[in-house]
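Novice: Mind having a look at this structure? Questions to follow.
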Amino acid sequence: GAGVSQSPSNKVTEKGKDVELRCDPISGHTALYWYRQSLGQGLEFLIYFQGNSAPDKSGLPSDRFSAERTGGSVSTLTIQRTQQEDSAVYLCASRPAGGTGANVLTFGAGSRLTVL
Amino acid sequence: SQQGEEDPQALSIQEGENATMNCSYKTSINNLQWYRQNSGRGLVHLILIRSNEREKHSGRLRVTLDTSKKSSSLLITASRAADTASYFCATDVGGTYKYIFGTGTRLKVLA
């Protein structure tokens, strides 16, 4: 696609429910990143993928968080048994493998999660 | 944990003035980047400076990098109201492809 697409753009859920957030990167971008941003705060690194594997998942806050990427394209971030502190904007970004823009992240518009 | 810290946390200036924000980081890097964020949503890349570069310009943006002090600064000259946004630095941790962002500077340019 022309840009990084994230869905849903907004999600309101009840505490204890599971949620899935989807990221569709730019076509051909081999690397994909997930960040979390709480209101008025900086970006917190969660995980990144190179192809379908995750060299670094050290930022996932707890075992309630998991992410997968299939076919080197779409990624899903799953949060199980959501808690109120999970409320945040979840941002996805992708990066090409090479070329002049190889180090530049292109971000999606984010998925705003509100846990009641 | 976040790699970088930025200061000031917030900056308010008049249109036409210059805005300077600073970033400090912790590990060795291959490059440092600056991004802009409007309204708490997606970030947009502004400029990248490599570890062997000391200064880089792009339009009204000037970035400096001091690897001995592990710090960088972003200067926006002749600011405009449209420059109002949050600005973040990002670094690759230890030369890997893991990118960590700073805490951000909220810039407000008053017309």
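Just so you know, all these numbers are worked out from the coordinates, no wet-lab data involved. Treat the numbers as computed from the prediction; the structure is a model and nothing was measured. For neighbour counting, all protein chains shown are included, and Cβ atoms are generated from backbone atoms with ideal geometry for every residue, glycine included.
Novice: What do you get for trypsin sites (Lys or Arg not before Pro) in segment A:19-80 restricted to DSSP loop and a cutoff of at most 16 other Cβ within 10 Å of the site's Cβ?
Specialist: Those that pass, being in a loop and sparsely packed, are A:Lys57, A:Arg64.
Novice: Treating each Cα of chain A as an identical point scatterer and ignoring solvent, apply the Debye formula and state log10 I(q)/I(0) at q = 0.09 Å⁻¹.
Specialist: Log10 I(q)/I(0), no solvent term: -0.22.
Novice: Could you calculate the contour length gain from B:Lys26 to B:Asp66, that is, 0.36 nm times the residue separation minus the distance between their Cα atoms, to one decimal place in nm?
Specialist: Answer, rounded to one decimal: 13.2 nm.
Novice: Per residue of A:35-48, how many C-beta atoms from partner chains lie within 10 Å of its own C-beta, taken as a mean?
Specialist: Across A:35-48, the average partner-chain Cβ count within 10 Å equals 5.
Novice: Give me the mean projected area, in nm² to one decimal, of the convex hull enclosing the Cα positions of the protein assembly as shown.
Specialist: Computed as one quarter of the Cα hull surface, the answer is 12.1 nm².
Novice: Let me confirm one metric for peptide B:96-107, namely the mean number of other chain beta-carbon atoms within 10 Å of its residues' beta-carbons.
Specialist: The shielding value for this peptide is 5.
Novice: So what's Rg/Rh here for segment B:55-111, counting alpha carbon atoms and using the Kirkwood radius for Rh?
Specialist: Taking Rh as the inverse mean 1/r over Cα pairs, Rg/Rh reads 1.02.
Novice: Tell me which aspartates and glutamates have Cα within less than 18 Å of A:Lys17's Cα, excluding those fewer than 8 residues away on the same chain?
Specialist: Within reach: A:Asp63, A:Glu85, A:Asp86.
Novice: Something else: Provide a whole-number value for the mean count of partner chain Cβ atoms within 10 Å of the Cβ atoms in peptide A:87-93.
Specialist: 2
Novice: Next question. Nearest 20 debye, what's the magnitude of the dipole of the protein assembly as shown about its Cα centre given +1 on Lys and Arg Cβ and -1 on Asp and Glu Cβ?
Specialist: Computed charge dipole of the protein assembly as shown: roughly 160 debye.
Novice: Please find, in a Gaussian network model of chain A (springs between Cα atoms separated by less than 10 Å), the residue of A:Thr100, A:Thr78, A:Thr13 whose mean-square fluctuation is greatest.
Specialist: A:Thr100
Novice: OK, next. If you take every residue apart from A:Ser9 with its C-beta less than 12 Å away from the C-beta of A:Ser9, what net charge results, scoring Lys and Arg +1 and Asp and Glu -1?
Specialist: Value of the local net charge: +4.
Novice: Let me ask something else. What does the charge dipole of segment A:24-116 about its Cα centre add up to, to the nearest 20 debye, if the Cβ of each Lys and Arg holds +1 and the Cβ of each Asp and Glu holds -1?
Specialist: 60
Novice: Please find, in a Gaussian network model of chain B (springs between Cα atoms separated by less than 10 Å), the residue of B:Ala90, B:Ala19, B:Ala78 whose mean-square fluctuation is greatest.
Specialist: Maximum fluctuation in the GNM of chain B, among the listed residues, is at B:Ala78.
Novice: So, one more: Just to confirm a number: summing +1 for Lys and Arg and -1 for Asp and Glu over residues other than B:Ser12 whose beta-carbon lies under 15 angstrom from that of B:Ser12, what do you get?
Specialist: -1
Novice: Among the lysines, which have Cα under 16 Å from the Cα of B:Lys69 when same-chain residues fewer than 8 positions away are ignored?
Specialist: Leaving aside lysines fewer than 8 places away in the same chain, those within reach of B:Lys69 are B:Lys26.
Novice: Around A:Tyr33, under 12 Å between beta carbons, what's the net of Lys plus Arg minus Asp minus Glu among the other residues?
Specialist: With Lys, Arg at +1 and Asp, Glu at -1, the neighbours total +2.
Novice: Here is a further query. Report the GluC sites (Glu not before Pro) located in segment A:1-55 that are in a DSSP loop and have at most 12 other Cβ atoms inside 10 Å of their Cβ, or state none.
Specialist: A:Glu14
Novice: If eta is 1.567 mPa s and T is 4 °C, what Stokes-Einstein diffusion coefficient results for chain B, Kirkwood Rh from Cα pairs, in µm²/s?
Specialist: Here the translational diffusion coefficient equals 94 µm²/s.
Novice: Please give the direction-averaged projected area of the C-alpha convex hull for segment A:1-50, in square nanometres with one decimal.
Specialist: For segment A:1-50, averaging the hull's shadow over all directions gives 4.6 nm².
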